[in-house]
Amino acid sequence: MAEMFSPLDDLIAEQSLVDALVADFTEEDWNRQASYCTTWKLKDVIAHIALFDYCANELICGRGSDVASVAQAYSKSDEHFKIDAWQGKSGAEVLAWWREQRTLMDAAFMEAGPKGRVPWAAGIPPMSVRSLASARLMELWAHSVDIYDALGIDPVVKERITSTLFLSWQGRPNMYNVNGLEFDPEVPMYLELTLPSGEVWAKGEPNDQNYIKGTAKDWALVAIRRRNWMDTDLEVVGDEARRYAAIVQTYAGPADPAPEAKRQR
């Protein structure tokens, strides 16, 4: 039986929010320059999201061995997965494709259930459907920030940002590894963030040596590499905390540099 589960319900809610953001775009809007991958237009942002929703559905349904090979088989693209096949298409066409692909993916997620397994990155064991839904939610929110920033709109953050916060903590060993640093789990670290509701989300044990405190919004923007922590109101105390804030990255792949800080502290 198809099953709704968190974070799938959160993902669907975020899809609806982003869809409402872009639904009434004119072609001029669609052709605005994105704020993060500056060779992209806003319709490239939505096409990129749609491509990986397509990949997720293909892999859940057993059509492919890993995300990179499925994406490459679909279309040639640049190193950031700006998709050749959708160049020259209108924004309305791209939006219709995303709506189709996310609907197929969401249905496949429900059918597989949260404990279903999906092959994703080559060379690593399959991940759970629950984890993949969390990752799709994080990437959707990250790229929605590119659209908000391009439009000069403050990014919208809901309580479901906890999926991104969790990835920012759970992935610490890999963040250190891709930056050529040694991760020592014995070094004390505390992360305390205030959610939009006012509730506190925290990881680690409180200590006065290394801690990061502030809003979930500020930290999530840093963790998706859209803000430098020095340009936020985050309280970052201790050498290890500063190192963590400098390299935090919620998505896989090589180390992605943070934006250049506008102020030093």
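All of the numbers you see were taken from the coordinates with simple rules; none came from a lab. Note that the structure is predicted; figures quoted are calculated from it, not measured. As a convention, Cβ positions derive from the backbone with ideal geometry for all residues, glycine included, and neighbour counts pool all protein chains shown.
Read phi for every residue in the range 195-205 and hand back ³J(HN,Hα) as whole Hz from Karplus 6.51 cos²θ - 1.76 cosθ + 1.60, θ = phi - 60°, with x for Gly and Pro.
In residue order, the calculated couplings are 6, x, 6, x, 6, 9, 10, 9, 9, x, 9 Hz.
Which order results if M138, M175 are arranged by neighbouring Cβ count within 10 Å, fewest first?
Least crowded to most crowded, the residues run M175, M138.
Which entry in [x] 168; [y] 115; [z] 136 is this structure's computed volume of the Cα convex hull per residue in Å³?
Recomputing volume of the Cα convex hull per residue in Å³ here picks out [z].
Relative to the first principal axis of the alpha-carbon coordinates of the chain, what is the inclination of helix 8-22, with its axis defined by its Cα atoms, in degrees from 0 to 90 and to the nearest 10?
Computed tilt is about 70 degrees.
Which of G180, M105, A56 sits farthest toward the positive end of the charge dipole of the chain, with +1 on the Cβ of Lys and Arg and -1 on the Cβ of Asp and Glu?
So the residue furthest toward the plus end is G180.
With +1 on the Cβ of every Lys and Arg and -1 on the Cβ of every Asp and Glu, and nothing else charged, how large is the dipole of the range 162-247 about its Cα centre, in debye rounded to the nearest 20?
Around 460 debye, computed over the range 162-247.
So who's got an amide H within less than 5 Å of the one on T215, skipping anything under 5 residues away but keeping other chains? H placed 1.01 Å off N, in plane.
Close amide H contacts, sequence-distant or interchain: T194.
Which ³J(HN,Hα) values, rounded to whole Hz and listed in residue order, are derived for the range 39-44 from phi using the Karplus coefficients 6.51, -1.76 and 1.60 in 6.51 cos²θ - 1.76 cosθ + 1.60 with θ = phi - 60°, glycine and proline given as x?
In residue order, the calculated couplings are 8, 9, 9, 4, 5, 5 Hz.
Tell me the relative contact order for the chain as a rounded percent, counting alpha carbon contacts under 8 Å between residues six or more apart.
Relative contact order comes out at 17 percent.
Which value, in nm² and rounded to one decimal, describes the direction-averaged projected area of the C-alpha convex hull of the range 162-247?
Spelled out: convex hull of the Cα atoms, projected over all directions, averaged, 5.2 nm².
Between S6 and E186, what length comes free when the chain is fully extended (0.36 nm per residue of separation minus the Cα-Cα distance, one decimal in nm)?
Gain on stretching S6 to E186: 61.7 nm.
Calculate the spin-label point distance for V156 paired with A13, positioning each point 7 Å from the Cα along the beta-carbon direction, and give it in nanometres.
1.2
Can you tell me the dipole magnitude for the chain around its Cα centre, using point charges on the Cβ only (Lys, Arg +1; Asp, Glu -1), in Debye to the nearest 20?
My answer is approximately 280 debye.
As a test of the definition: which semi-axes, in Å, follow for the range 8-155 when you take the square root of five times each eigenvalue of its alpha carbon gyration tensor? Largest first, please.
Ellipsoid semi-axes (Å, largest first): 25, 17, 13.
In the chain, what % of DSSP beta bridges are antiparallel (nearest 5)?
70
Could you pull out the longest piece of the chain with no exposed loop GluC sites (Glu not before Pro) in it, calling a site exposed if DSSP puts it outside H, G, I, E, B and it has at most 10 other Cβ atoms within 10 Å?
My reading of the result: 80-181 is the longest stretch.
Most exposed first by the Cβ proxy, i.e. fewest other Cβ within 10 Å, how do V200, V18 rank?
Exposure proxy ranking, most exposed first: V200, V18.
Cross-link candidates for K43: which lysines have Cα within less than 22 Å, leaving aside residues fewer than 8 places away along the same chain?
K76, K82, K89
Among K203, K115, K43, rank each residue by its count of other Cβ atoms within 10 Å, from fewest to most, as a rough exposure measure.
Ranking K203, K115, K43 by Cβ neighbours within 10 Å, fewest first, gives K115, K203, K43.
Tell me, what ³J(HN,Hα) does each residue in the range 228-241 have, in order and in whole Hz, if you take phi through Karplus 6.51 cos²θ - 1.76 cosθ + 1.60 with θ = phi - 60° and put x for Gly and Pro?
Working through the residues one at a time gives 8, 4, 5, 9, 10, 9, 4, 9, 10, 10, x, 4, 5, 5 Hz.
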